[in-house]
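The next block holds one structure in the form of structure tokens; read it before the comments.
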Amino acid sequence: MASSGSSTIPSTNSYTRLPDLKIPPRSGSSADLTRSARSSRLGSPMEDMTKYEKKLLQGDGGYLLEDVPHLTDYIPDLPTHPNPLQDNTAYSVVKQYFVNTDDTVVQKVIQHKSSSRGTHFRRAGPRQKVYFESDEVKACIVTCGGLCPGLNTVIREIVCGLEVMYGVKELIGIQGGYMGFYSKNTVTLTRKTVDDIHKKGGTILGTSRGGHDTIKIVDSIQDRGINMVFIIGGDGTQKGAAAIYQEVKRRGYKCVVCGIPKTIDNDIPVIDKSFGFDSAVEEAQRAINAAHVEAESAENGIGLVKLMGRYSGFIAQYATLASRDVDLCLIPESPFYLDGHGGLLEFIEKRIKEYGHMVIVVAEGAGQDLIAQDMRSMDNKDASGNKLLLDVGLWLSQKIKEHFGKKKKTLNLKYIDPTYMIRAIPSNASDNVYCTLLAQCAVHGAMAGFTGYTVGLVNGRHAYIPFYKITECQNKVSITDRMWARLLSSTNQPSFLSKKDIEEKKEEEELQVSATSADNVNSITTRTGLGFSPILTLSLYHPTFMKPPRK
């Protein structure tokens, strides 16, 4: 039933490691270690998250495996154990229990005949050998950042996966986000206590923004004897998870750090989509339908719906395409202007005159530059460092009313803001299945000794992705892509872009692609004399190193 090969990672002879800084395991009191750790590091506890050790395996034809770290990278000679799944009756009908050790998932599925084999990630799934025995595992789960449909489902399936598939008995939940590691109580998690939580929205563990102190968090992890940490959150949370992994590795502590990417905006790169996104789009349909009914039932009726989308307009885009009742969709990636020939207000006036009503969908991050010019706003930020946005829905409503008022025309505008409603619901059937697979893949990876990774769907296959790949940039709607063209065709709205704007957008996207692919230029590389060229790369990454888009 097992696949060929018994090792979960390539043999230590298959690539050459660069020497690591060896720091002895923690000894002495928590206070002593904290003082020592703080004195040995520069800057804040989050500073080390900008340093990533890249584990790259390069083969023929441009094949590049961006591998994830493993416990044996810094704790050699760890014993292995047979995977208990092979004795699990539920899996007795499965033809092949375990993922082949050479299985990878390609990042870009569309290739030309002259293309290289491209970047690959390690395929997720159970391995033949595991690096933990069931009774030695003490796992914890934490949820951070904003709410998202499916959080409780992920928690449930991590607990069930560890307990049912691997026989793990000690699982705890960290309450209140990152700061809960050192300022909140924990809750015991069992299959019985999480049995029906997937039917509820939100998170049973509670959440918060900010509160990340790497030293205090890792102190708490080590003091409690935790050796598996599952962190559910967005890009900021995953950066924090990367910092925790670095500190755990620095101490030489046997502890897996695994991330499950979460964002309602679907703005995490590499992965096909984030969990909860389908549920959010489906719930947004209710608001759009209500706006359509209101607009259609009144003279010169306008239904204006504001949806989530701080920097990426995916919810607005997909909700618009799914609805077919929307006449205008505005997102952060596509600039627009209000007045003058070809402006937004002129288009609204023409559409009302032609059809008698219209529906407008606007993402919360759209038009922020225009609002700032009007209101001379301050650049305030929340606890996670996100810019506090001004209410584009209220602002746009007022501008439309002023325009029609000047022309003394009747207007019935209804503004609907379901912003937090769409993220507070339980996940739908599609997301429930997706959350289950993400959680189980995370559990399989942790038991197999992988660490410093996040799990996600890449081209329809689940993969283990190093933290730096999902925190180096944000996924955004490409307004030079066919999907945006489909939306424009559906709504029959203008793009509000000049030829110059389009060229600048294309150039901006090309710069981002080239910056991402060239981030290994200044790397330190060690090669072997084997038939292929495995490499291990150490490099520094920080978002500010990337070329800024053209203004």
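Before I look further, what does region 143-218 give for accessible area per residue, probe 1.4 Å, in whole square angstrom? Let's see the in-between values first.
Values: 2770 Å² over 76 residues.
Per-residue accessible area for region 143-218 comes out at 36 Å².
Net charge around Leu189, counting only other residues with Cβ within less than 13 Å of its Cβ (Lys, Arg = +1; Asp, Glu = -1)? Let's see the in-between values first.
Values: positive: Lys138, Arg156, Lys169, Arg191, Lys192; negative: Glu157, Glu163, Glu170, Asp195.
With Lys, Arg at +1 and Asp, Glu at -1, the neighbours total +1.
Among the aspartates and glutamates, which have Cα under 16 Å from the Cα of Lys200 when same-chain residues fewer than 8 positions away are ignored?
Output for Lys200: Glu157, Glu283, Asp431.
Between Asp374 and Leu497, what is 0.36 nm times their sequence separation minus the Cα-Cα distance? Round to one decimal in nm.
Value of the extension gain: 42.2 nm.
For a quick check: with amide H placed at 1.01 Å from N, whose amide H comes under 5 Å from Leu413's, ignoring anything fewer than 5 positions away on the same chain?
Ile302
With the crude spin-label approximation of a point 7 Å out along Cα→Cβ, what separation in nm comes out for Thr410 versus Glu504?
A separation of 4.1 nm, rounded to one decimal place.
Determine how large the accessible area of Arg123 is when every protein chain is in place; take a 1.4 Å probe and give Å² rounded to the nearest 10.
80 Å²
At a Förster distance of 30 Å, what's the computed FRET efficiency of Ala322 paired with Lys113, Cβ-Cβ distance as r, to 0.05?
Rounded to the nearest 0.05, the efficiency is 0.25.
What distance in nm separates the simple spin-label points at Tyr91 and Ala429, each placed 7 Å from Cα in the Cβ direction?
Modelled inter-label distance: 2.8 nm.
HN-Hα J couplings of region 193-208 from phi, Karplus 6.51/-1.76/1.60, θ = phi - 60°, integer Hz, Gly and Pro as x?
For region 193-208, the Karplus-derived couplings read 6, 9, 3, 10, 6, 5, 7, 10, x, x, 9, 5, 8, x, 8, 7 Hz, x marking Gly and Pro.
Distance cut-off 32 Å, Cα to Cα: go down the list Lys239/Lys399; Lys409/Lys476; Lys54/Lys169; Lys199/Lys273; Lys129/Lys273; Lys414/Lys506 and report the pairs above it.
Details: Lys239/Lys399 39 Å; Lys409/Lys476 38 Å; Lys54/Lys169 34 Å; Lys199/Lys273 22 Å; Lys129/Lys273 30 Å; Lys414/Lys506 36 Å.
Among Lys239/Lys399; Lys409/Lys476; Lys54/Lys169; Lys199/Lys273; Lys129/Lys273; Lys414/Lys506, the Cα-Cα distance tops 32 Å for Lys239/Lys399; Lys409/Lys476; Lys54/Lys169; Lys414/Lys506.
Hey, what do the phi angles of region 101-107 turn into as Karplus ³J(HN,Hα) couplings, whole Hz, using 6.51/-1.76/1.60 and θ = phi - 60°, x for Gly and Pro?
In residue order, the calculated couplings are 5, 9, 5, 9, 10, 7, 6 Hz.
How far is it, in nm, from the label point at Leu511 to the one at Gln398 when both lie 7 Å from their Cα along the line to the Cβ?
The two pseudo-label positions are separated by 3.3 nm.
Sum up the charges of everything whose Cβ sits under 14 Å from the Cβ of Leu394, counting Lys and Arg as +1 and Asp and Glu as -1, but leave Leu394 out. It would help to have the intermediate numbers written out before the result.
Numbers: positive: Lys306, Lys399, Lys401, Lys414; negative: Glu364, Asp374, Asp391, Glu402, Asp417.
Within the 14 Å Cβ shell, the charges total -1.
Counting other Cβ atoms within 10 Å, keep those with at most 13, restrict to DSSP loop, and tell me which GluC sites (Glu not before Pro) in region 283-358 are left.
Details: sites: Glu283, Glu294, Glu296, Glu299, Glu333, Glu346, Glu349, Glu354; in loops: Glu299, Glu333.
Those satisfying the criteria are Glu299.
Can you tell me how much longer the chain between Asn185 and Asn289 gets when fully stretched, taken as 0.36 nm per residue apart minus their C-alpha distance, in nm with one decimal?
33.2 nm
Work from the charge dipole of region 164-265 (Cβ charges, +1 for Lys and Arg, -1 for Asp and Glu, about the Cα centre) and give the residue of Val164, Thr207, Asn227 farthest towards its positive end.
The Cα lying farthest towards the positive end belongs to Val164.
Quick one: putting +1 on the C-beta of Lys and Arg, -1 on the C-beta of Asp and Glu, what dipole do you get for region 97-145 around its Cα centre, in Debye to the nearest 20? Mind showing how you got there, number by number?
Values: 8 positive and 5 negative charges, 87 e Å.
For region 97-145, the charge dipole is close to 420 debye.
Just want to confirm a number: the relative contact order over region 283-368, from Cα pairs under 8 angstrom separated by 6+ residues, in percent.
It rounds to 41 percent for region 283-368.
Hey, if you drop one equal point scatterer on each alpha-carbon of region 85-234 and run the Debye formula without solvent, what base-10 log of I(q)/I(0) do you get at q = 0.14 Å⁻¹?
-0.84
Show me, for region 285-293, the HN-Hα J-couplings you get by feeding each phi into the Karplus relation (A = 6.51, B = -1.76, C = 1.60, θ = phi - 60°), rounded to Hz, glycine and proline as x.
4, 5, 5, 5, 4, 5, 5, 5, 4
Identify the trypsin sites (Lys or Arg not before Pro) of region 393-438 meeting these criteria: DSSP loop state and at most 15 other C-beta atoms within 10 Å of the C-beta.
Lys407, Lys408, Lys409
Over the alpha carbons of region 124-190, what is the largest minus smallest coordinate on each principal axis, giving the biggest first in Å?
36, 25, 18
Return the long-range amide H neighbours of His70 (sequence gap of 5 or more, or a different chain), with a cut-off of under 5 Å between placed amide H atoms.
Excluding prolines and chain starts, which carry no amide H, the hits are Thr451.
Around Thr263, which amide H atoms from residues at least 5 apart in sequence, or from another chain, sit under 5 Å from its own amide H, with H modelled in the peptide plane?
Answer set, sorted by chain and number: Phe275.
The values are calculated or read from the model by the stated rules, or taken from the named source; none is laboratory data. Values in this document were obtained by computation on a predicted structure and should not be read as measured data. So basically every Cβ, Gly included, is an ideal-geometry build from the backbone, and we count neighbours across all protein chains shown. Calculation scope for accessible area: heavy atoms of the full protein, side chains included, ligands and nucleic acids excluded. Shrake-Rupley method; radii C 1.70, N 1.55, O 1.52, S 1.80 Å.
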